[in-house]
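The values are calculated or read from the model by the stated rules, or taken from the named source; none is laboratory data. Predicted model only: the values in this text are computed from it and were never measured. Using ideal geometry, Cβ is built from the backbone for each residue, glycine included, and neighbour counts are taken over all protein chains shown. All accessible areas refer to the heavy atoms of the entire protein, side chains included, with ligands and DNA or RNA removed. Shrake-Rupley method; radii C 1.70, N 1.55, O 1.52, S 1.80 Å.
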Amino acid sequence: MEDLIQDLKHGVRLLGRRPGFTAVAVASLALGVGLNTTLFSVVNAVLLRNSPVQRPERLVEIYSSVNDELPYLTSSWLDYTAVRDQARTLGGVAACAFVRGIMASGDKPALVTGETITPNYFDLLGLRPSLGRGFRDDENVAEGQHPVIVLGHGLWERRFGSRPDILGQAVEISGVRYTVVGVGPRGFTGMVPGLESQFWVPVMMVERLNFEGIQSQTDNDPGATRLQKRGSRWLFVKGRLAEGRTIEEARAEVETIFARLRQDHPKTNEKTRASILPGAAVRFHPMLDGYVKAASAVLLAAVALVLAIACANVANMLLARGASRRRELAVRAAIGAGRGRLVRQLLGESLVLAAVGGTAGVLLATWAGRLLSALPMDWLPVPMHFDFRLDGTVLAFAGAMSLVTTLLFGLAPALSASRLDLVPSLKADATGEGSVRRRVSLRGILVAGQLALSLVLLVAGTLLARGLLVARGTNLGFDPAPLAYIDFNLQMNGYDLDHAMAVRKRVLAAVRALPGVEGAALVSRLPLAPDINMEGVKIQGRHRPQDDATPIDSVSIGSDYFRVAGIPIVEGRAIDEQDVEAQRRVVVVNQTMARRCWPGRSAVGQNVYTEGFDHPPHEIVGVARDHKVRSVGEEPRAYLHFPMRPSSTVAIAVRTKLPPERALPALRTASLAAYPEIVFTEAVPAREVVATTLAPTRIGAVLLGSFGALAILLAAVGLYGVVAYSVSMRTREIGVRMALGARRGDVLGMVLAQAARLSLAGIVVGAVLAAAVGRVLGSLLYGVSALDPVAHAVAAAILLAVGVLASIAPALAAARVDPLKALRTD
């Protein structure tokens, strides 16, 4: 330990004597460690950070499904109660669903997101409210009869000032006055990371709030309400394994329960299956987790490449410094220092560099984490917020990263510098020129590796940027530029359907009367919006009565929608006002559906069945031009347009002469003038809706492009260092060449050729690696191949140009060598 302390002190003194060397090395490491720590803090917040749930390894998630394509859907209330009452392998079963409402307490009404839960929810998770209590069993036995609420800890602090007398007070949400019976546990914001549950109410209150989440419906369900419909699946179900029981036993028992439900309730459960997954294995949702983990792995790999490049930089610098210290090290060896002692000393210096660089990197990551936490995430379809602070896990990661970097950049230079031939080393000059030069040096290999890794990042960023450009140039089938979109839900104001329909008419008329508005139409979703609506249909001649319905993407629209959206009708007619008012069973299909289902003949006049052949069909009255439905890069997709049904949700697409950003304030004002109690859930230009579908590609292009730019900057520094060091080592040789007649241009070309060889080696190796990485990014590319020659050529050209620029200064220095001075050098 005493030797280690001495080595560290010696390292500090040596590094202090070379402030330029130390500054460059520390800056390189700080960038590498800072980037890795920042991104790990993001991954930690999104995927790794634990909630205060007790014994999460004993929790299970229970899903139901009606087909193999969507295996992890929600469950109905009645199916939940069957599992709750019959499962003996589970010590408890709870259920929850996401809801939104308008909280009227305070100065200004605000949208709040919460959950309806079963009374045992907190007990099952092993949590206790920080104030008051949870729900009793008798508060969950009759629909809408027990308006009690547990406030989220964050909402209690922000909106109610952490008032200790909040218990027993009333808060109004969506027109219902709830009595506060508790405040949620500190640090618990719900089971979905980033999606804060601001309140909890009994599941029996679900009809008084706006449901938000995954749901599916079975046709001809005899139930009247969400809670009474066995075929209405909307609840997330969680269980806790009983002591001594395994998940395999629970899975077998729940499957048996679902088999019994299929037999007892064939109308609603004929094809329902159950799936049970370990709770600890589910972060957001099983169908989403894979994408999030893959994206996180790609970004972590990208910043790891940046760190590797930074480490290679410092390793190159230490190799050069070790060569210049060969005489010093030889003297130490001559007076008795063994190779192990020399290696420890050199690694001590590396440890000092790593400690300083790691500390600077953590400070950089702390600043970046605060900046990321403050960024708005309103481009997501649901309001989310993550805390990217540096907790113990992240700091441990940063510490481990600093130790790893010590080995990455310190070990090879230490071993190389300590490998001494005493006599030649003692005769070497101060620069280490007496050492033997090799045609392929470790420094050259490191630089070629840096350039190869930089090319990988550049190609990845260029591919995504190219895909983004192609996507933006894609014909969407409609023009979002003049469109604005507003929506609100009057159920969250506590109004019944008749009242909501009257408000809908009033607001739509007010918007249409505004100056500059060319048209406005009701629509349940805009094209390319993140939500997906599907309708199961059967078509005579293509389906038999016993066949499953084919799910087709669908939308509900009001009159004038096609003109407002700029989607022409190519055959037949559009949905008109009478279709909406009379709720006629008509439908407009798109060209793709018409071609697929009625090839060679007109689709107009054909029938589409949504409830089986024993119910009245929807008659096709028109065919609309194809447009993009879910994503910009999708193949043509069948699409159904139904007349807008009565609904408490009011969503309006507006075509304006003004840019939508400038028109939106007037649209809000007109809507509020028609009905002052509106709280908008969305008010955006249609361009932003389209941009949401491109967000993963755009973010990937920006991040990987930025990482690539930083990587190539670091690699350029490394290349400059290698070429400059090579020139200093070959000063005498250059002098001899020039004395024998070599021109300055010859010397310049010789040095640039060395840099070009290293750059080309990096490009060749990087091209192979980039081809493999491009295939990983394939799902994010629009109309661009993973082997796109333009992207690869652009990245290679950038890398080659940077390589040449990095070597120009040392090349010019070599060309200016004075032969006489060079030949006099000892």
Checklist entry - When only residues in segment 145-189 that are open to solvent by less than 20 Å² (accessible area, probe 1.4 Å), touching a helix residue (DSSP H, G or I) at 6+ places or on another chain (Cβ under 6 Å) and not hydrophobic (A, V, I, L, M, F, W, C) count, which is farthest from LEU490 (Cα to Cα)? => result GLY184
Item to check | Whichever residue in segment 773-810 is of a type in the set (S, T, N, Q) and without any contact (Cβ under 8 Å) to a residue 60 or more places away in the chain and, among such residues, is nearest to ALA695 (Cα to Cα) | outcome: SER779
Next on the checklist: Here's a check for you: in segment 581-616, which residue that is closer than 18 Å to GLU535 by Cα and among the β-branched types (Val, Ile, Thr) is nearest to the chain's Cα centre (by Cα)?
Outcome noted: THR592
Next on the checklist: Condition first: open to solvent by less than 10 Å² (accessible area, probe 1.4 Å) and under 17 Å from ARG637 (Cβ atoms). Now tell me which residues in segment 579-597 satisfy that.
Outcome noted: VAL587, VAL588, VAL589, ASN590, THR592, MET593
Checklist entry - From ARG645, ARG662, which residue is open to solvent by 70 Å² or more (accessible area, probe 1.4 Å), out of contact with any helix residue (DSSP H, G or I) (no Cβ under 8 Å at 6 or more places or on another chain) and within 20 Å of GLN491 (Cα to Cα)? => result ARG645
Checklist entry - With VAL537, VAL511 as the choices, which residue is assigned to a helix (DSSP H, G or I) and open to solvent by less than 40 Å² (accessible area, probe 1.4 Å)? => result VAL511
Checklist outcome for this item: Those residues of segment 471-503 which are under 22 Å from TYR639 (Cβ atoms) and assigned to a loop (DSSP other than H, G, I, E, B) amount to THR474, ASN475, LEU476, GLY477, PHE478, ASP479, PRO480, ALA481, PRO482
Checklist entry - Taking helices (runs of 4 or more DSSP H) that do not extend beyond segment 258-363, which have at least 3 residues that are buried (at least 23 other Cβ atoms within 10 Å of the Cβ) and at pLDDT 70 or above? => result 286-324
Next on the checklist: Taking the criterion of being β-branched (Val, Ile, Thr) and in contact with a strand residue (DSSP E or B) (Cβ under 8 Å, 6 or more places away or on another chain), would at least one residue in segment 671-680 satisfy it?
Outcome noted: yes
Checklist entry - If you go through segment 79-93 one residue at a time, how many are among the charged types (D, E, K, R) and open to solvent by less than 30 Å² (accessible area, probe 1.4 Å)? => result 1
Checklist entry - Of ASP560, ASP579, ASP553, ASP531, which residue is among the acidic types (Asp, Glu) and in contact with a helix residue (DSSP H, G or I) (Cβ under 9 Å, 6 or more places away or on another chain)? => result ASP560
Next on the checklist: Can you find, within segment 547-578, the residue that is surrounded by the fewest Cβ atoms within 10 Å (Cβ to Cβ) among those that are under 23 Å from GLY536 (Cα atoms) and of a type in the set (Gly, Ala, Ser)?
Outcome noted: ALA549
Checklist outcome for this item: The condition of being more than 30 Å from GLY516 (Cα to Cα) and open to solvent by 50 Å² or more (accessible area, probe 1.4 Å) holds, among ILE763, ILE734, ILE699, only for ILE699
Checklist entry - assigned to a loop (DSSP other than H, G, I, E, B), surrounded by 16 or more Cβ atoms within 10 Å (Cβ to Cβ) and touching a Leu at 6+ places or on another chain (Cβ under 8 Å), is that true of ARG226? => result no
Checklist entry - For segment 771-794, which residues satisfy the criterion of being crowded, with 20+ Cβ neighbours inside 10 Å and either on the phi > 0 side of the Ramachandran plot or in contact with a Pro (Cβ under 9 Å, 6 or more places away or on another chain) (or both)? => result LEU780
Checklist entry - Does at least one position in segment 267-278 carry a residue that is more than 30 Å from PRO222 (Cα to Cα) and not charged (D, E, K, R)? => result yes
Checklist entry - For segment 69-92, which residues satisfy the criterion of being of a type in the set (Val, Ile, Thr) and touching a Phe, Trp or Tyr at 6+ places or on another chain (Cβ under 7 Å)? => result THR74
Next on the checklist: in contact with a Gly (Cβ under 9 Å, 6 or more places away or on another chain), basic (Lys, Arg) and outside any loop (DSSP other than H, G, I, E, B): which single residue out of ARG506, ARG563 fits that description?
Outcome noted: ARG563
Checklist entry - Quick one: how many residues across segment 575-613 are in a loop (DSSP other than H, G, I, E, B), touching a residue at least 12 places away in the same chain (Cβ under 8 Å) and among the charged types (D, E, K, R)? => result 4
Item to check | segment 390-408, residues that are in contact with a helix residue (DSSP H, G or I) (Cβ under 6 Å, 6 or more places away or on another chain) and modelled with pLDDT of 70 or more | outcome: LEU390, THR393, VAL394, PHE397, ALA398, MET401, SER402, THR405, THR406
Next on the checklist: Within segment 556-567, does at least one residue satisfy the condition of being farther than 26 Å from ARG512 by Cα and not polar (S, T, N, Q)?
Outcome noted: no
Next on the checklist: Quick check on this structure: which one of THR74, THR116, THR81, THR89 is at pLDDT 95 or above and within 26 Å of LEU155 (Cβ to Cβ)?
Outcome noted: THR116
Next on the checklist: Anything in segment 609-628 that is modelled with pLDDT of 95 or more and β-branched (Val, Ile, Thr)? List them, or say none.
Outcome noted: ILE620, VAL621, VAL623
Next on the checklist: Just checking, does segment 39-61 include any residue being open to solvent by less than 20 Å² (accessible area, probe 1.4 Å), closer than 30 Å to PRO551 by Cα and either modelled with pLDDT of 90 or more or in a helix (DSSP H, G or I) (or both)?
Outcome noted: yes
Item to check | Residue that is modelled with the highest pLDDT, among those in segment 94-112 that are surrounded by fewer than 22 Cβ atoms within 10 Å (Cβ to Cβ) and farther than 28 Å from SER76 by Cβ | outcome: ALA110
Next on the checklist: Condition check: among the β-branched types (Val, Ile, Thr), over 41 Å from the mean Cα position of the chain (by Cα) and under 28 Å from LEU508 (Cβ atoms). Does VAL621 satisfy that?
Outcome noted: yes
Next on the checklist: Cβ contacts < 7 Å: first residue open to solvent by 20 Å² or more (accessible area, probe 1.4 Å), restricted to segment 459-472; second residue among the β-branched types (Val, Ile, Thr) and not in a helix (DSSP H, G or I), any location; separation 6+ or different chain. Result?
Outcome noted: ARG466/VAL784; VAL470/VAL784
Checklist entry - Considering segment 383-402 alone, what residues qualify as being open to solvent by 30 Å² or more (accessible area, probe 1.4 Å), of a type outside the set (Val, Ile, Thr) and in a helix (DSSP H, G or I)? => result GLY392, LEU395, ALA396, PHE397, GLY399, ALA400
Next on the checklist: Among the residues of segment 246-255, are any over 25 Å from CYS96 (Cα atoms), open to solvent by 30 Å² or more (accessible area, probe 1.4 Å) and of a type in the set (A, V, I, L, M, F, W, C)?
Outcome noted: no
